[in-house]
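Comments concern the structure below.
The values are calculated or read from the model by the stated rules, or taken from the named source; none is laboratory data. Just so it is clear, the structure is predicted and the values come from calculations on it, not from any experiment. Here Cβ is always computed from backbone atoms with ideal geometry, including for glycine, and neighbour counts include all displayed protein chains. These accessible areas exclude ligands, DNA and RNA; they are computed on the full protein's heavy atoms, side chains included. Shrake-Rupley method; radii C 1.70, N 1.55, O 1.52, S 1.80 Å.
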Amino acid sequence: MVTVRLEKVSKIYNGRRVLNNVDLEIKDQSFTVLLGPPGAGKTTIFRIIAGVEHPETGRIFFGEKDVTKLPPKERQVGFVFQSYALYPHMTAYENIASPLKATKMQKAEIDERVHSIAEKLGITQVLNKLPKEMSGGQRQRVAIARALVRDANIYMLDEPLTNVDYKIRESMRIELKKLLRERGGTIAYATPDPQEAMSLSDYTAVILNGVVEQYGSMEEVYDRPKNTRVGFYFSFPPMNQYVGELLEVEGKNFIDIGVIKVDVTHASSVLKGVNEKEFIIGIRPNQIKLATEPVENPLELELETIVTEIIGSESLVHLKFGDQKMVIHVPSIRRFEPGEKLKIAFNQKEVFIFSKASGELVYAPMVM
């Protein structure tokens, strides 16, 4: 296994720059998640690491070895595609065994490896079936098995659960995490889902519009988002963000975001050092509580319900907030009717503060 490193990598398709001077390190023996929306550049990064695409500029290293010009077969990469990419005329067994046969491995060892990985993924019963005879979940497991069966420098999984039925996605995520931890090695996993990133990753790279906006441990990126873009995307639901003016009233500092004034006296020294008059307040939906729950340093307000979304055993409530909206997360099934008034509260010391001019983080709450 190796550390994989990209240095100033750029890629252009049809005159459009899809990667822009990407610097990225996927640490040896780590589980690194590339998080970003569709079209952000995650798949392109994987294809460049695998050698099936070549960058316009920049270099790729496996350890200290520059592999920028090496062909795919010399890079030893295990790759799981979002679209399965199974050979339709081959059985599951033959699909899984195909990368091992290409290395001229002995039949007995191939057989042992295929059955071992198939057992771990719970697909021994489909080894003699063609892809068309399998369910979507089974096809995806075969694709994962084909990537993991070989000895590779890095295993890359490109949104492997996207095409799996939502009913089994959660259980597969748990199984996959357990399997990959047991398998070990350098693992990179691409997803557009912040919850998946938080569930799986040791390290997270947030990629937006072909740029690595932030990279670090999952906790570092979540607790101290570099800017409003990372704060908004690496949050489920997305972080509420409001522009406001910094005011001083009777020795205290507030940021006036229209409907309310948030007490930010605890961050006064940091804000004065920035020398700006306008800032962006960020409040994660899970930081906002129903007013019946105890909240420290509370700012309470009453807002009108727009709509309630029930997601599994949780609820997302969209509320009118002036001419904007505020989303709150309720960790239970609660349905509030449109127009219903709702009393809520949040801890004013838990808000994030960003520069309005640059979008960069100015203040992050202390993590307890």
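Specify the inter-centroid distance of the range 4-32 and the range 70-121, based on alpha-carbon positions, in whole Å. Centre-to-centre distance over Cα atoms comes out at 26 Å.
Structural descriptor for the chain: relative contact order 15 percent, calculated from alpha carbon pairs under 8 angstrom and at least 6 residues apart. Each label was represented as a point 7 Å from its Cα along the Cα-to-Cβ direction; for Arg16 and Lys178 these points are 4.1 nm apart. Note on Lys325 and Val274: with the Förster distance fixed at 22 Å, the Cβ-Cβ geometry gives a FRET efficiency of about 0.20. Where only DSSP H runs of four or more residues are counted, the chain gives -7500 deg cm²/dmol as its mean residue ellipticity at 222 nm, each run worth -39500 (n - 2.57). Backbone phi angles across the range 245-259, fed through the Karplus curve with coefficients 6.51, -1.76 and 1.60 (θ = phi - 60°), yield HN-Hα couplings of 9, 7, 10, 10, 10, 6, x, 10, 10, 10, 10, 8, 9, x, 6 Hz in residue order; Gly and Pro are listed as x. Rounded to the nearest Hz, the phi-derived 3J(HN,Hα) couplings of the range 68-83 under the Karplus curve 6.51 cos²θ - 1.76 cosθ + 1.60 (θ = phi - 60°) are 3, 9, 6, x, x, 5, 9, 9, 6, 10, x, 10, 9, 7, 4, 8, where x marks glycine and proline.
Where does the charge balance sit around Lys341 when Lys and Arg score +1, Asp and Glu -1, over other residues with C-beta under 9 Å from its C-beta? Neighbour charge sum, excluding Lys341 itself: -2. Among residues other than Lys120 with Cβ under 15 Å from its Cβ, the summed charge is +4 (Lys and Arg +1, Asp and Glu -1). Given their separation in residues at 0.36 nm each and the Cα-Cα distance between them, Asp223 and Lys69 gain 51.6 nm when the chain is fully extended. Here the chain exposes an accessible surface that is 50 percent carbon and sulfur, computed with a 1.4 Å probe and the other protein chains kept in place.
Largest GNM mean-square fluctuation across Ser217, Ser201, Ser269, computed for the chain with C-alpha springs under 10 Å, falls on Ser269. Taking the 0 to 90 degree range and rounding to the nearest ten, how far is the long axis of helix 166-183 tilted relative to the main principal axis of the chain, both from C-alpha atoms? Helix 166-183 sits at roughly 70 degrees to that axis.
Checking the table Lys226/Lys320; Lys261/Lys349; Lys8/Lys73 against a 21 Å threshold on Cα-Cα, which pairs fail?
Lys226/Lys320; Lys8/Lys73
Couplings 3J(HN,Hα) of the range 286-293, computed from phi: 6, 8, 9, 10, 5, 5, 6, 8 Hz, in residue order, whole Hz [Karplus 6.51 cos²θ - 1.76 cosθ + 1.60, θ = phi - 60°; x for Gly and Pro]. Amide H contacts of Leu127: none lie under 5 Å away among residues 5 or more positions distant or on a separate chain (H built 1.01 Å from N in the peptide plane; Pro and chain starts excluded).
Between the alpha-carbon centres of the range 180-200 and the range 303-349 there is a gap of 31 Å. With respect to the chain, whose longest principal axis is taken over its alpha-carbon atoms, helix 92-101 is tilted by about 70°. Each label was represented as a point 7 Å from its Cα along the Cα-to-Cβ direction; for Lys356 and Thr292 these points are 3.7 nm apart.
For Thr57, the amide hydrogen comes within under 5 Å of the amide hydrogens of Ser10, counting only partners 5 or more places away or on other chains and with H modelled in the peptide plane.
Per-residue SASA remark: Glu245, around 90 Å² accessible (1.4 Å probe; ligands, DNA and RNA not included). The amide H of Val33, built 1.01 Å from its N in the peptide plane, has Tyr189, Asp202, Tyr203, Thr204, Ala205 as neighbours under 5 Å, considering only residues 5 or more places off or on other chains.
Dipole magnitude for the chain: computed about the Cα centre from +1 point charges on Lys and Arg Cβ and -1 point charges on Asp and Glu Cβ, it is near 1380 debye.
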